[in-house]
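The values are calculated or read from the model by the stated rules, or taken from the named source; none is laboratory data. Note that the structure is predicted; figures quoted are calculated from it, not measured. Please note: Cβ atoms are built from the backbone with ideal geometry, for glycine as well, and neighbour counts cover all protein chains shown.
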Amino acid sequence: VPEIGCLSIIVLGASGDLAKKKTFPALFHLYCQGFLPPIEVHIFGYARTKISDDELRNRIRGYLVSERSASPSKDVSKFLQLIKYVSGSYDAAEGFQMLDKEISKHETSKNSLEGSSRRLFYLALPPSVYPSVCRMIRRYCMKKSNLGGWTRIVVEKPFGRDLGSAEELSSQIGELFDEPQIYRIDHYLGKELVQNLLVLRFANRFFLPLWNRDNIDNVQIVFREDFGTEGRGGYFDEYGIIRDIIQNHLLQVLCLVAMEKPVSLKPERIRDEKVKVLQSVLPIKDEEVVLGQYEGYRDDPTVPDHSNTPTFATVILRIHNERWEGVPFILKAGKALNSRKAEIRVQFKDVPGDIFKCKKQGRNEFVIRLQPSEAMYMKLMVKQPGLEMSTVQSELDLSYRQRYQGVTIPEAYERLILDTIRGDQQHFVRRDELKAAWEIFTPLLHRIDNGEMKPIPYQAGSRGPAEADELLEKAGYVQTHGY
Ligand code: BG6
């Protein structure tokens, strides 16, 4: 563990859901693994609620313990002691001046190098308050520092509602902080198998010649959840499944599947290639979209009775470049479906001159399962073992649980927070990337918001609307069974 110097992590929105369920547990696990040495690191919670340090600690405590922490109660108490709480509003000087005073106290203690103030502000807050909070931080909580000190801001999606609002938000924050100081989290970029995509594609000789329109028939990127919007109906209804999952998480995965090889592994070079893919996506056609809403969604008292918000969507994206022309990228996401799964399915074309007449048994397919139970498997044809000469579809299977027994796969947030401390922006969304992503989806989103496109009702616990399967078939996907 490298020495990190004096570091203050400030979680704004400390009593909210995101902070309790994701941010503090991720910090706790980093702490348990020695990444946040108590002599150097202090953690501050900030929110409007007037509570004491201990009250905040008690609210967080229950979310920290999981099967991953070795000696839970001892570690939990020590970790909680690192956290101090300051209350104040998100748009007034007083609270932020107080916060600055608290942070400065430990920065001048004997363990810190004078002038090496490092401050990480994590905004676990709704985007509506980002501009005012950033203004307050800029005005009252910035330290002039020359010994390798810094100030960084971490923000969470949704970054706006459409192209216009996202651009406005970006320029408001951009006036206060430089791009290298801004970390836009998309937690899918912290998942193990998403991070593995570049290695898989560019460190394996056998994928290189196959990864293109000559060999690949279609690509699916799928997100399914087997529960509805329980408890979050109000939030969700304002955004819908496209803004919640597809425009960010699935589109980021698409970039990594489709991008060209970056000239180096430098974060900027990787992000350059991602932007190019996004800029090559053609406008979405209405007939290549299926929207759904599960029955019972509107029973949530926080959801309006006539809500037109989709809880399911299948959208086909087409990339207009030399590698991908004609290959549909099918993005599919849904709540309240029959299973919980996120996976990428790369389906290859039929074998030309099929002497075994095995076409009906299925095509070669490469599947990357992001969750649950991380795995990669390749569906391929083999001779049915035995005396007969017949074919059967089988799998080459790399299941992480079996192959990497004893290795703990870190939580996405843990990894990403560590990156923010280290100053590595590779797995964060750059401003031009965000803009290009909104450009793709804004026209469709506006049509849905205006009620010009309606979601088809589907039964909770089902596969979603049958029309989505029909669209998949039309796009060329051939369903294979058995695995
Ligand atoms: C969040 C969405 O970004 O991702 C949620 O807002 C969704 O609606 C969640 O449930 C899914 O994350 P994961 O890591 O459980 O797939």
Those residues of the range 451-480 which are hydrophobic (A, V, I, L, M, F, W, C) and either in contact (Cβ under 8 Å) with a residue 24 or more places away in the chain or surrounded by 14 or more Cβ atoms within 10 Å (Cβ to Cβ) (or both) amount to M453, I456, A460, A468, L471, L472, A475, V478
Helices (runs of 4 or more DSSP H) wholly in the range 231-311 with at least 1 residues that are within 16 Å of the ligand (Cβ to nearest atom), modelled with pLDDT of 95 or more and under 17 Å from the mean Cα position of the chain (by Cα) - which ones? 233-241, 251-258
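Residues checked against (1) of a type in the set (K, R); (2) away from the ligand (no atom under 16 Å from the Cβ); (3) more than 18 Å from Q425 (Cα to Cα); (4) touching a residue at least 60 places away in the same chain (Cβ under 8 Å):
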site: L125; (1), (2), (3), (4): no, no, yes, yes
site: R139; (1), (2), (3), (4): yes, yes, yes, no
site: I153; (1), (2), (3), (4): no, yes, no, no
site: K157; (1), (2), (3), (4): yes, no, no, yes
site: Q172; (1), (2), (3), (4): no, yes, yes, no
site: P180; (1), (2), (3), (4): no, yes, no, yes
Would you check if M378 is away from the ligand (no atom under 16 Å from the Cβ) and under 30 Å from P410 (Cα atoms)? yes
Residues to consider are R184, R161, R139, R201; find the one that is within 16 Å of the chain's Cα centre (by Cα) and basic (K, R). R184
Quick one: what pairs do we get from the range 182-209, first residue among the acidic types (D, E), second within 16 Å of the ligand (Cβ to nearest atom), C-beta under 6 Å, 6+ apart or different chains? D186/N248; D186/Q252; D186/V429; E192/E374; E192/I409
Let me confirm something: among A475, A437, A468, which residue is at pLDDT 95 or above, under 27 Å from D217 (Cα atoms) and in contact with a Ser or Thr (Cβ under 6 Å, 6 or more places away or on another chain)? A468
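For the range 56-155, which helices (runs of 4 or more DSSP H) that fit wholly inside it have 3 or more residues that are within 28 Å of E179 (Cβ to Cβ) and at pLDDT 95 or above?
Hits in the range 56-155: 93-107, 130-140.
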Identify the residue in the range 204-239 that is under 19 Å from F329 (Cα atoms) and of a type in the set (K, R) and, among all such residues, is surrounded by the fewest Cβ atoms within 10 Å (Cβ to Cβ). R213
Please find, within the range 345-380, the residue that is modelled with the lowest pLDDT out of those that are polar (S, T, N, Q) and not in a loop (DSSP other than H, G, I, E, B). Q361
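Condition check ((1) closer than 30 Å to V281 by Cα; (2) β-branched (V, I, T); (3) surrounded by 15 or more Cβ atoms within 10 Å (Cβ to Cβ)) across all residues:
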position: L387; (1), (2), (3): no, no, no
position: R403; (1), (2), (3): no, no, no
position: L416; (1), (2), (3): yes, no, yes
position: E433; (1), (2), (3): yes, no, yes
position: P443; (1), (2), (3): yes, no, no
What pairs come up if the first residue lies in the range 427-440 and is of a type in the set (G, A, S), the second is surrounded by fewer than 22 Cβ atoms within 10 Å (Cβ to Cβ), and their beta carbons are under 7 Å apart, counting only those six or more places apart or on different chains? A436/V275; A436/Q279
Among the residues listed as T311, T302, the single one being closer than 20 Å to P465 by Cα, among the hydroxyl-bearing types (S, T, Y) and in contact with a helix residue (DSSP H, G or I) (Cβ under 7 Å, 6 or more places away or on another chain): T311
Could you go through the range 211-225 and let me know if any residue there is within 12 Å of the ligand (Cβ to nearest atom), in contact (Cβ under 8 Å) with a residue 24 or more places away in the chain and part of a helix (DSSP H, G or I). no
